[in-house]
Amino acid sequence: MDCARFSWNTVHMITRALPETDARLAGYAYLISNYELSVPVPAILSAIGKKHTKYGTDNWRVFTPRHAPENSLYGHLTFALRYEGIDLSVLSELFKQISKAEIEKIIQNEPAGSYARRIWFLYEYLTDYTLDVSDISQRGYVDLVDPKIQYAGPARPSKRHRINNNLPGVKNFCPLIRRTEKLDELINQDLPKEALESVGAIHPDVLMRAASFLLLEDSKASYAIEGETPPHNRAERWGRIIGQAGKTLLSKAEMERLQKEVIVDSRFIHMGYRDEGGFIGSHDRSTNMPIPSHISAKHQDLEALMEGLIETVSLLKDSDFPPVLAATLIAFGFVFIHPFEDGNGRLHRYLLHHVLIETGFTPKELVFPVSSVILKRITDYVTALEAYSKPRLSFIEWRATDKGNVEVLNETIDLYRFFDATTQAEFFYECVHETITKALPDEVKYLQRYDEMKAFVNNYIDMPDRTADLLIRFLHQNDGKLSKRALDKEFSALTDDEVQVFENKFEEIFNS
């Protein structure tokens, strides 16, 4: 192989401190440095160390000298695919810089090699160029994505390359998720089964009331995440919309319909996909200069990106791809693209529900209140969003417009269609886990205790339902005691003995 373009000691573009003084970059780290690729650096990079033991740090995997790849394009590409998985962002930028002849030479040298075929497929897939190479025949198919490294989607065979394209997405939208111990542990817990068993053990009346309450709470939480406190009827309305999630196939028309449901007064808002740039952040008070914390996809790229996202929903919904991971790819991908001028945040959380229901993860009787859990973990939520946005700001060239918006000047579509969603997946799976193992059981337990307390009140004294409900609510709000105000007003007719009986019973039922 031709090694002329390679130098082991290059560290250009990799600003992260090496794990060892004399460590040498390998795989994607080396390709980024050697080709000066302007791409977000992968969360975990690879290096060849001096020791004869493999080890890892927070952001490095260090391999032994015997793992060192051949110092060539093919050597480092093969190392990357074998040990690091597929990074479409790096590969897309790399393939823009190397000639077709270089890839053709790799394939001609090893026409039947599994890694040569993967490189060949990825080159044609990402560039839309057809190489001057004959189709492979009489060879077994090999998987493109190694499921031991990354979570793979359904296989679609490419006869030309004898490759099973098991990317969990399509050309215009394909985030990937690294396989981690945390995610494997959560997936292996079989939370859908646990949720179904919980639902099956609940009285239908209690389940219906729990579902209604949790739906409303989730709706309120979704507004609260945006820093809004909507009127009760608007929160109820959005709750009803969430309750319909998963029942209508996603399409551009459906997304635009949902935006209209979110935006009650659209007089000052451009509806539908944006026709200009977009960002999240603030403005300098004196100059009105944008101060972005996230820059949205270019409006010229929205049709392609959203078509890709919607195609990916169809690809994954009936597959074996883990539903929570599918929801992560779709919902977080959507909010990073930010296709609308307004309403993206709530639609992002709607999509979490939609995919979980459409893939059969969520029981039909329920909508898991994931927004409520996200609100409780708002700092972690912001961290998950920033893990994507912050590293990408330096790769976006922009200027301020007269309206205080941003206009992106360079090509950025790859930033939104190809990214690693592992951080977001771990965060969201933890939220789903807490929802199923804590939020849902806690609400059901509360309603069961509520019913027990109400039955006791009604058996002990004649009292209208609404008054009994008020009594229990007051007791709950004041740690099991009726306040002086309640005793002086709404419940002045109760004797001291009756008050003591109710307070004691509340303590027995709710705090035992």
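Where a number appears in this text, it was derived from the coordinates with a stated rule and is not lab data. What you are looking at is a predicted structure, and each value in this text was computed from that prediction instead of being measured. Cβ: placed from backbone, ideal geometry, glycine included. Neighbour counts: every protein chain shown.
Taking the longest Cα principal axis of the chain as reference, the axis of helix 204-225 is set at about 60 degrees. Looking at the stretch 325-433, which trypsin sites (Lys or Arg not before Pro) are DSSP coil and have at most 14 other C-beta atoms within 10 Å of their C-beta? Those that pass, being in a loop and sparsely packed, are LYS364, LYS403.
Around the amide H of ARG178, modelled in the peptide plane, lie the amide H atoms of ALA421, THR422, all under 5 Å away and 5 or more residues distant in sequence or on another chain.
Computed from the Cβ-Cβ distance with R0 of 30 Å, the FRET efficiency linking LEU470 to GLN189 stands at 0.15. Amide hydrogen proximity for HIS294: with H placed 1.01 Å from N in the peptide plane, the residues at 5 or more positions away or on another chain lying under 5 Å are ILE280. Hydrodynamic analysis of the chain uses the Kirkwood radius over alpha carbon pairs. Inserted into Stokes-Einstein at 4 °C and 1.567 mPa s, it gives a translational diffusion coefficient of 50 µm²/s.
For the peptides 430-443, 494-507, 281-294, residues were scored by their other Cβ atoms within 10 Å and the scores averaged per peptide; the highest-first order is 430-443, 494-507, 281-294. Estimate the FRET efficiency between HIS67 and SER293 by the formula 1/(1 + (r/R0)^6), using the beta-carbon distance for r and 45 Å for R0, to the nearest 0.05. So the FRET efficiency works out to roughly 0.70. For SER137 and GLU254, a Förster radius of 56 Å and the Cβ-Cβ distance give a FRET efficiency of 0.85, rounded to the nearest 0.05.
Normalising the average separation of contacting C-alpha pairs (under 8 angstrom, six or more residues apart) by the number of residues puts the relative contact order of the chain at 13 percent. Annotation: the stretch 421-512 has a Kirkwood hydrodynamic radius of 15.0 angstrom, from the mean reciprocal C-alpha pair distance.
Rounded to the nearest 20 debye, the dipole size of the stretch 393-512 about its Cα centre is 300 debye, using +1 on the Cβ of Lys and Arg and -1 on the Cβ of Asp and Glu. For the chain, what does the helix formula give at 222 nm: sum of -39500 (n - 2.57) over DSSP H segments with n ≥ 4, over the residue count, nearest 500 deg cm²/dmol? Calculated from helices alone, the mean residue ellipticity at 222 nm is -15500 deg cm²/dmol. The phi torsions of the stretch 52-64, fed into the Karplus equation with coefficients 6.51, -1.76 and 1.60 and a -60° offset, translate into couplings of 9, 9, 6, 7, x, 10, 4, 9, 9, 10, 9, 9, 7 Hz, rounded to whole numbers, with Gly and Pro shown as x.
Relative to the longest principal axis of the Cα atoms of the chain, helix 422-434 runs at roughly 20 degrees. Rounded to whole numbers, the Karplus 3J(HN,Hα) couplings from phi for the stretch 465-474 are 4, 5, 6, 4, 4, 5, 4, 5, 5, 4 Hz, using 6.51 cos²θ - 1.76 cosθ + 1.60 with θ = phi - 60°, and x at Gly and Pro.
So which lysines pass the test for LYS505, namely a Cα distance under 29 Å, with those fewer than 8 places away in the same chain ruled out? Counting by Cα, and skipping residues close in sequence, LYS505 has these lysines nearby: LYS438, LYS445, LYS454, LYS481, LYS484, LYS489. Listed by chain and number, the lysines whose alpha-carbon sits under 17 Å from that of LYS220, ignoring those within fewer than 8 places in the same chain, are LYS376. In summary, the lysines within cross-link reach of LYS252, defined as a Cα separation below 24 angstrom excluding same-chain residues under 8 places away, comprise LYS171, LYS260, LYS298, LYS317. The gain in end-to-end length when the ALA155 to ASP479 segment is fully stretched comes to 111.0 nm, 0.36 nm per residue minus the alpha carbon separation.
A cut-off of 5 Å between modelled amide H atoms, ignoring neighbours fewer than 5 places along the same chain, links ASP143 with ASN164. For the stretch 461-510, taking Cα atoms only, Rg and Dmax work out to 9.9, 25 Å respectively.
For the chain, the longest principal axis of the Cα atoms and the long axis of helix 232-243 meet at an angle of about 50 degrees.
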